[in-house]
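Below is one structure, written out as structure tokens; comments come after it.
The values are calculated or read from the model by the stated rules, or taken from the named source; none is laboratory data. Every value quoted in this text rests on a predicted model; they were computed, and no experiment measured them. Don't worry about glycine lacking a Cβ; one is built from the backbone with ideal geometry, like all the others, and counts go over all protein chains shown. For the accessible areas, the whole protein counts, side chains as well, though only heavy atoms, and no ligand, DNA or RNA atoms are used. Shrake-Rupley method; radii C 1.70, N 1.55, O 1.52, S 1.80 Å.
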Amino acid sequence: GEVKGIEGTRYGVVGGLRMPVWEGEAPGVMRRKQARQEAAQNHKVEECQGKPIGDAMCTYKGEAYQCVSVPGSTVMSEFEPAPNEACLGGEQSWGTCDGGMFLCKPRPVEARTKIHTIFSVTASRYFEWQSRYMGYNFRKSGQKGGLTRLLSAKRADHIALGKGETWGEGDDPCKIDTWTAPLYPKLNEDAYAPYNKPFAIDHWLKNSGNRADFVAIVDPDCVFVRPIAVEDYVGGGVSVHLGNGKVVPVTKGKPFGQKGYMDWVKGGPFESLTQKYCPGCGQVDALAVPIVIHREDLVLLAPKWLQITEQIRRDKPTWDKAWNHDRFALSWTTEMYGYIFAAAQLGIKHYVSDRGQEIAGFNTALKAPIIHYSLKLELKSQKSWHKYYEDAGTNIPDPSFGKNEVQTRLLTAFRDAHAFCHATNHTWGRVTYFASDSRR
């Protein structure tokens with residue numbers, strides 16, 4: 001865990017914090033505050049005096065600080081108030097940090113884990129029940145590692161797990177571990193909500209302190225039936241256990257990706273789109289979620305993912321007609337191609353299989369570890385269910401109405417989650433089902 005900072009300064013993890021490394025052994029009994037103070041004194045970390053420090057640290061009243069991006073708050077002047085108790089206000093941060101960042105105490109670095117699962121949402125009624133049910137079924141499945149909801153919003157919402165709170169307890173047992181990332185800043189120019197996904201992932205990777213070796217990326221409309229990623233104790237990585245019985249090792253430079261809806265047809269829209277935005281890449285991977293990828297690959301991929309998504313969206317007035325066709329749906333799926341082309345440009349080749357998930361409404365036999373409920377369910381007795389129904393999270397048909405194994409298992413998972421989680425009783429006011437709550 002040792003890295004180099006500005007002008008060769010070495011940093012490591014001390015008391016759970018990214019700090020300058022002692023020349024000798026650090027006392028194991030030091031309290032965190034004492035560690036910060038002694039680190040600053042022994043290594044002559046300079047005082048925070050209004051001069052840029054970049055990625056380095058400085059001290060204020062004997063404690064170490066670094067520049068941190070704070071969701072929903074920006075240093076616009078010297079009079080900016082401190083956003084929270086861990087950070088200093090504009091008086092100290094102005095001129096020392098750039099990019100609107102604040103001087104904050106270093107965030108504790110989490111213990112290194114093998115696998116961590118993430119999904120991206122905004123604050124809405126539509127995503128509220130999906131997020132809570134995701135947390136319930138994730139834990140019930142036995143999937144190892146943590147689960148984090150990446151919330152693109154000004155501040156944490158009512159289902160974010162707070163400090164000192166534990167999942168499964170309290171007034172809302174289904175609050176979920178949440179990383180709040182700023183909303184993509186140019187949504188007023190192009191109101192394409194999926195910009196938030198690569199933007200939030202990049203923000204989480206850079207600021208959260210999470211140190212998992214591998215990251216599983218899923219969508220909120222996924223239900224874990226059993227673990228998809230299992231630690232490989234022999235090889236030291238993780239393996240993806242697919243619905244066809246295959247076990248696929250995931251290593252750095254070789255992620256796993258679910259086969260996407262797109263097909264490579266000579267002269268088709270997938271080929272022409274690739275030739276436009278990934279010239280020289282040849283036949284690229286056709287991908288969707290889930291994706292299981294090494295952290296270092298994702299660190300490289302996330303900013304390029306966003307960049308290519310932006311590039312494709314800027315050209316929307318001149319898109320080929322075939323790209324706008326309902327069966328290709330580039331207007332909604334742009335960020336998927338942003339990921340595909342970013343990976344191809346970086347030389348990251350996936351093991352692609354359609355056996356990472358079952359699609360409810362399409363697949364009938366349950367073999368894969370995840371059910372993806374993106375489609376409408378046509379059930380017995382002329383009943384139906386769709387996530388787009390405004391009462392989808394509460395008016396759940398009895399599993400006996402399922403026409404096949406996938407539908408029955410999905411409805412059972414929803415019913416179980418609803419019984420455990422119960423309603424939040426949050427007041428949404430006039431906010432529509434799909435709209436993000438502007439107060440968030």
Subset of segment 248-281 [without any contact (Cβ under 8 Å) to a residue 12 or more places away in the chain and among the β-branched types (Val, Ile, Thr)]: 265
Residue, nearest to residue 265 (Cα to Cα), within segment 308-319, restricted to residues that are in contact with a helix residue (DSSP H, G or I) (Cβ under 9 Å, 6 or more places away or on another chain) and either surrounded by 14 or more Cβ atoms within 10 Å (Cβ to Cβ) or among the basic types (Lys, Arg) (or both): 319
Qualifying positions in segment 186-197 - in contact with a Lys or Arg (Cβ under 9 Å, 6 or more places away or on another chain) and not in a loop (DSSP other than H, G, I, E, B): 195
Counted residues, segment 402-427 - those being in a loop (DSSP other than H, G, I, E, B) and open to solvent by less than 30 Å² (accessible area, probe 1.4 Å): 1
Segment 209-229, residues that are among the small types (Gly, Ala, Ser) and either assigned to a strand (DSSP E or B) or open to solvent by 10 Å² or more (accessible area, probe 1.4 Å) (or both): 209, 216, 229
Whichever residue in segment 366-416 is among the aliphatic types (A, V, I, L, M) and in contact (Cβ under 8 Å) with a residue 40 or more places away in the chain and, among such residues, is nearest to residue 433 (Cα to Cα): 392
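Each row is one residue, and each column tells you yes or no for (1) under 25 Å from residue 391 (Cβ atoms); (2) in contact with a helix residue (DSSP H, G or I) (Cβ under 7 Å, 6 or more places away or on another chain).
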| residue | (1), (2) |
| --- | --- |
| 142 | no, no |
| 159 | yes, yes |
| 166 | no, no |
| 175 | yes, no |
Cross-chain or 6+ apart pairs with Cβ under 6 Å, segment 215-227 first and modelled with pLDDT of 95 or more, then open to solvent by 30 Å² or more (accessible area, probe 1.4 Å) and outside any loop (DSSP other than H, G, I, E, B): 215/295; 220/127
Test set (1) open to solvent by less than 10 Å² (accessible area, probe 1.4 Å); (2) not in a helix (DSSP H, G or I) - residue 342 fails condition number: (2)
Cβ pairs under 7 Å, 6+ apart, first in segment 44-72 and closer than 11 Å to residue 104 by Cβ and free of Cβ contacts under 8 Å to residues at least 40 places away in the same chain, second open to solvent by 20 Å² or more (accessible area, probe 1.4 Å) and assigned to a loop (DSSP other than H, G, I, E, B): 67/53; 67/101; 70/83
Of residues in segment 72-88 being small (Gly, Ala, Ser) and surrounded by fewer than 18 Cβ atoms within 10 Å (Cβ to Cβ), the one modelled with the lowest pLDDT: 72
Segment 177-191 - residue that is under 18 Å from residue 334 (Cα atoms) and touching a helix residue (DSSP H, G or I) at 6+ places or on another chain (Cβ under 6 Å) and, of those, most open to solvent (accessible area, probe 1.4 Å): 190
Qualifying residue in segment 99-120 (condition: over 23 Å from residue 211 (Cα atoms) and touching a Phe, Trp or Tyr at 6+ places or on another chain (Cβ under 7 Å)): no
Evaluation of residue 168 against (1) at pLDDT 95 or above; (2) small (Gly, Ala, Ser); (3) more than 20 Å from residue 304 (Cβ to Cβ) (one fails), failing number: (1)
Qualifying residue in segment 374-381 (condition: out of contact with any helix residue (DSSP H, G or I) (no Cβ under 8 Å at 6 or more places or on another chain), of a type in the set (A, V, I, L, M, F, W, C) and modelled with pLDDT of 95 or more): yes
Candidate set from segment 109-121 (those that are open to solvent by 20 Å² or more (accessible area, probe 1.4 Å) and either touching a strand residue (DSSP E or B) at 6+ places or on another chain (Cβ under 6 Å) or basic (Lys, Arg) (or both)); member that is modelled with the highest pLDDT: 120
Any hit, segment 252-267, residues being part of a strand (DSSP E or B), among the charged types (D, E, K, R), open to solvent by less than 70 Å² (accessible area, probe 1.4 Å) and within 26 Å of residue 371 (Cα to Cα): yes
Options 140, 144: the member that is over 12 Å from the mean Cα position of the chain (by Cα), outside any helix (DSSP H, G or I) and within 21 Å of residue 166 (Cβ to Cβ): 144
Conditions (1) assigned to a loop (DSSP other than H, G, I, E, B); (2) closer than 27 Å to residue 368 by Cα: number failed by residue 292: (1)
